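Engineer: This is the structure, below, for whatever I ask next.
The values are calculated or read from the model by the stated rules, or taken from the named source; none is laboratory data. Everything numeric here is computed off the predicted structure, so don't read it as measured data. Glycine also receives a Cβ, built like all others from the backbone with ideal geometry; neighbour counts cover every protein chain displayed. In case anyone asks, the SASA skips ligands and DNA or RNA and just uses the protein heavy atoms, side chains included. Shrake-Rupley method; radii C 1.70, N 1.55, O 1.52, S 1.80 Å.
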Amino acid sequence: MSARPLRIALPKGRMMDEALLVFERIGAIIDPAARDSRRLILPSADGRFEFLPVKSGDVPVYVETGVADAGIVGQDVLDEGEPDVLRPLDLGFGGCMLAVAAPEGAPYPYLPGETMPRVATKYVESARRFFATKGMQVELIRISGSVELAPLLGLAHWIVDLVQTGRTLKENGLVVVEPIARSTARLIVNRASHKLRLEDHQRLIAGLAGALESA
């Protein structure tokens, strides 16, 4: 009996599109009809893979628990959640930067009158570690929606968020005041699956690395 296809969790959106282009270079193509459907599991035509489109923050959960053998997700997500997974390959695409941003001209890194800064972010753990390493005391406010609104409405003095082109910040009168970390897409692998299906994983890692190098 042949082994089932490797299950790969992918983050919905642009990173998934870029990831599938890389998989196409190693011969793993999804039927366009299936891609455009509402199917929750997308098999590759060659039978080697099953792709699971999920929310970005859920990719490490699927991989760590073994529901998926492997996944592709941004380094920012891994830094925030610190899942217990293997990280064998930096895929290089999906580049962005986690950074502190503030209204243009706003004081940073200190506020007048010893006021404790309020910082809005989706990346609470990453922000906490960053400010702790700088010895800065801040109040972190978890926001799951548009973080850029927080300084405009007086909810926070600064934000910590991902920055790609900087266009959204500029449109809302914000500027980067300090970078925190660069982020690119990473291949992550379930530890148990890697042991049980080592050859399959090695072929996957080598194939993706070769496709990226040739591109």
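Engineer: Over what distance in Å are the Cα centres of region 136-215 and region 71-86 separated?
Structural biologist: Cα centroid to Cα centroid, the span is 9 Å.
Engineer: Considering the options Pro112, Val147, Ile72, tell which one lies farthest towards the positive end of the dipole of region 30-154, charges being +1 on Lys and Arg and -1 on Asp and Glu at the Cβ, about the Cα centre.
Structural biologist: Pro112
Engineer: Heads up, I need the accessible area for Glu171: 1.4 angstrom probe, whole protein in place, Å², nearest 10.
Structural biologist: Ignoring ligands and nucleic acids, Glu171 comes out at about 120 Å².
Engineer: Moving on to the next point. Helix-derived [θ] at 222 nm for the chain: sum -39500 (n - 2.57) over DSSP H runs of at least 4, divide by residue count, nearest 500?
Structural biologist: When only DSSP H runs of four or more count, the value is -9000 deg cm²/dmol.
Engineer: Further, regarding this structure: Using 0.36 nm per residue of separation minus the Cα-Cα distance, give me the extension gain between Ala209 and Tyr108 in nm, one decimal.
Structural biologist: Length gained, Ala209 through Tyr108: 32.3 nm.
Engineer: Using θ = phi - 60° and the Karplus curve 6.51 cos²θ - 1.76 cosθ + 1.60, what whole-Hz ³J(HN,Hα) does each residue of region 94-103 get, with Gly and Pro shown as x?
Structural biologist: Karplus-based 3J(HN,Hα) across region 94-103 equals x, x, 7, 9, 7, 8, 8, 10, 8, x Hz.
Engineer: Shifting gears a bit: Against the longest principal axis of the chain, how steep is helix 198-214, in degrees 0 to 90 to the nearest 10, with axes from Cα atoms?
Structural biologist: 70
Engineer: Which sequence of Phe131, Phe93 reflects their accessible areas, 1.4 Å probe, from the largest down?
Structural biologist: Ranked list, largest accessible area first: Phe93, Phe131.
Engineer: Which trypsin sites (Lys or Arg not before Pro) does region 128-201 hold that lie in a coil by DSSP with at most 12 other beta carbons within 10 Å?
Structural biologist: Lys134
Engineer: Taking the solvent-accessible surface of protein heavy atoms with a 1.4 Å probe, what is the per residue accessible area of region 100-143 in Å²?
Structural biologist: 59
Engineer: Something else now. Quick one: among Gly95, Gly74, Gly105, which has the greatest mean-square fluctuation in a GNM of the chain with alpha-carbon springs under 10 angstrom?
Structural biologist: Judging by the Gaussian network model, the answer is Gly105.
Engineer: Okay, next question. For semi-axes √(5λ) of the Cα gyration tensor in Å, several values are listed as [x] 38, 17, 14; [y] 30, 17, 16; [z] 44, 36, 19; flag the one computed from this structure.
Structural biologist: Computing semi-axes √(5λ) of the Cα gyration tensor in Å and matching it to [x] 38, 17, 14; [y] 30, 17, 16; [z] 44, 36, 19 gives [x].
Engineer: Taking the Cα centre of the chain as origin, work out the dipole magnitude from +1 charges on Lys and Arg Cβ and -1 charges on Asp and Glu Cβ, in debye rounded to 20.
Structural biologist: Rounded to the nearest 20 debye, it is 320 debye.
Engineer: Any chance you could count the Lys pairs in the chain whose alpha carbons are under 21 Å apart, treating pairs 8 or more apart or on different chains as valid?
Structural biologist: So the count of such lysine pairs works out to 5.
Engineer: Rounded, prolate or oblate: which one fits region 125-215, using the alpha carbon gyration tensor with axes a ≥ b ≥ c (rounded when a/c is under 1.5, else prolate when a/b beats b/c, else oblate)?
Structural biologist: Prolate, because a/c is 1.5 or more and a/b exceeds b/c.
Engineer: Report, to the nearest 10°, how far helix 14-25 tilts away from the longest principal axis of the Cα atoms in the chain, using its own Cα long axis and a range of 0 to 90°.
Structural biologist: Between helix and principal axis, roughly 30 degrees.
Engineer: With the full set of protein chains in place, find how many percent of the accessible area of region 1-158 is carbon and sulfur; take the probe as 1.4 Å.
Structural biologist: 52
Engineer: What does the extension gain come out to for Arg87 and Gln164, with contour length at 0.36 nm per residue minus their alpha carbon separation?
Structural biologist: Between Arg87 and Gln164, full extension yields 25.4 nm more.
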